[in-house]
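Q: Quick one: the structure is below, questions incoming.
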Amino acid sequence: MEQRDVRGHYEELAAEYDGHWVYGPHYIPWMSARIAEALRLAPTDRIADVGSGTGLFAREVANHVQPHHPILCVDPSEAMLSQLGTPPPADLRPVVASAEDIAEGRTRVPYEQLDAMWLKESVHHVADPARTLRGLADRLAPGGRLLVVMLPATIQYPLFEAALARFEELQPDPAVIEGHLRAAGLAASLSHVEHELRIDRDKYLGMVRARYMSVLSTFSDSEIDKGIEEMRLAHPEPVLAFSDRFAFILGWRREEST
C-alpha cells in the first residue's frame with residue numbers, strides 16, 4: 001500500500017474536483033438539503049463547513065438557507081478553497097485550516113461560537129477523532145449542532161475488490177463517532193440517508209482513474225489500471241446504478257438552563 005498524502009492528493013485534484021463529485025444534476029442539491037434539514041439551519045445561524053473542499057455543499061446550502069453571516073468554508077488546501085472564486089461569494093468565507101486547527105484553537109475563526117457545523121466525508125482524515133470532535137464541540141454555542149456525514153463501514157460501490165477491502169480497513173465505524181460526540185458532552189443520534197446513483201460507466205472509470213475517493217490514493221498507477229480492468233469485466237453495462245448510503249451522526253449541545 002502506498003503512503004497516503006491526503007493534502008497532496010486534494011491539491012492535485014482541486015481543479016477537477018467538482019467534476020468528479022457531481023455524479024448527476026440531483027446529487028449536490030439532495031445532499032445539501034439533507035445537511036440543512038438535519039442541522040435545522042436558520043438564516044441567523046453562524047455556520048461552518050469543516051473540510052469543505054471547493055465548497056460544493058456550502059454553496060448549495062447558502063442558496064437554500066440565505067444566511068445572514070457567511071458560511072465558513074474550512075479546509076487545509078488553499079488550492080481547493082481557491083475554487084470558491086476570486087473573490088469568493090459574499091455568503092461564503094474561506095478559512096485555510098484543518099479540523100484539528102479549529103479544534104485546538106490554532107486558527108481563529110470570525111465567530112466566537114458556532115451554531116452549526118458539519119464535516120462531510122472528512123472525519124476519516126482526522127488522526128485523533130475523539131480529541132478533534134471534542135474540540136469542535138467546545139466551539140458550539142448553547143443549542144449548537146455538529147453533524148458528521150460519512151460513509152458506513154462497508155459500501156456497495158462498483159469498485160474493484162482491493163479498493164473495497166481497503167476502504168473497510170480504513171473507514172471508521174459511525175457508531176464509534178457517535179460515541180465520541182457523546183463523550184464530548186453532546187446529545188447524539190445516528191441515522192442513515194440513501195440516494196440512488198446512476199452514472200455513465202466510462203465517466204465513473206475516469207473518476208476512479210483520477211482517484212476521486214481518497215482511499216484510491218493508496219494505490220499505485222499500475223494497481224489502479226488493474227482495478228479498472230477488473231471493473232470493466234465485472235460491469236459491462238453502459239450505466240452503473242448503485243446506492244449511495246450515508247451515516248448522519250448528529251450531536252447537539254443542550255440549551256443552558258436559566
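Derivation of every value follows stated rules applied to the coordinates shown; laboratory data play no part. In this text the structure is predicted, and so the values were computed from the model without any measurement. Please note: Cβ atoms are built from the backbone with ideal geometry, for glycine as well, and neighbour counts cover all protein chains shown.
Q: Please determine, in degrees from 0 to 90 and to the nearest 10, the orientation of helix 56-65 with respect to the longest principal axis defined by the Cα atoms of the chain, where the helix direction is its Cα long axis.
A: Taking the Cα atoms of the chain, the angle to 56-65 is about 40 degrees.
Q: If I take every Cα pair under 8 Å that is 6 or more residues apart in the chain, average their sequence separation and divide by the length, what percent do I get for the relative contact order? Numbers along the way, then the final one.
A: On the way: 468 pairs, mean separation 55.7, N = 258.
22 percent.
Q: Restrict the search to the stretch 97-128; then list the trypsin sites (Lys or Arg not before Pro) that DSSP places in a loop and that have at most 16 other Cβ atoms within 10 Å of their Cβ.
A: Answer in residue order: Arg106, Arg108.
Q: Using a basic spin-label model with each label point 7 Å from the Cα along Cα→Cβ, how many nm lie between Lys203 and His69?
A: That separation, rounded to one decimal, is 3.7 nm.
Q: Taking the chain as the region of interest, what is the percent of Cα-Cα pairs per 10 angstrom bin, listed from the shortest bin to the one with the maximum distance?
A: Once binned at 10 Å, the Cα pair distances of the chain give 7, 30, 37, 20, 5, 1, 0.
Q: Right, another one. Rounded to the nearest 5, what % of the DSSP beta bridges within the chain are antiparallel ones?
A: About 55 percent, rounded to the nearest 5.
Q: If you don't mind, another one. Taking the Cα of Tyr27, stepping 7 Å toward and past its beta carbon, and measuring to each backbone N in the stretch 148-187: which are under 14 Å?
A: 151, 156-159
Q: So which GluC sites (Glu not before Pro) in the stretch 170-258 end up in coil per DSSP with only 10 or fewer other C-beta atoms within 10 Å?
A: On the way: sites: Glu178, Glu194, Glu196, Glu223, Glu229, Glu230, Glu255, Glu256; in loops: Glu255, Glu256.
Passing sites in the stretch 170-258 are Glu255, Glu256.
Q: Still on this structure, please answer the following. Once you place label points 7 Å from the Cα toward the Cβ at Glu237 and Glu37, how far apart are they in nm?
A: Simple spin-label model gives 2.5 nm for this pair.
Q: To continue, here is another question. Can you give the calculated 222 nm mean residue ellipticity of the chain, where each DSSP H run of n ≥ 4 adds -39,500 (n - 2.57) and the sum is split over every residue, rounded to the nearest 500 deg cm²/dmol?
A: The helix contribution divided over the chain gives -10500 deg cm²/dmol.
Q: Gap in Å between the Cα centre of the stretch 36-64 and the Cα centre of the stretch 164-199?
A: Result: 19 Å between the Cα centres.
Q: Quick one: which of 143-154, 164-175 comes out on top by average Cβ neighbours within 10 Å, and what's the full order, highest first?
A: Answer by packing, highest mean first, reads 143-154, 164-175.
Q: Most exposed first by the Cβ proxy, i.e. fewest other Cβ within 10 Å, how do Ser217, Ser191 rank?
A: Working: Ser217 19, Ser191 11.
With the sparsest Cβ surroundings first, the list reads Ser191, Ser217.
Q: What does DSSP give for the stretch 41-132 in terms of the percent of beta bridges that are antiparallel, rounded to the nearest 5?
A: 0
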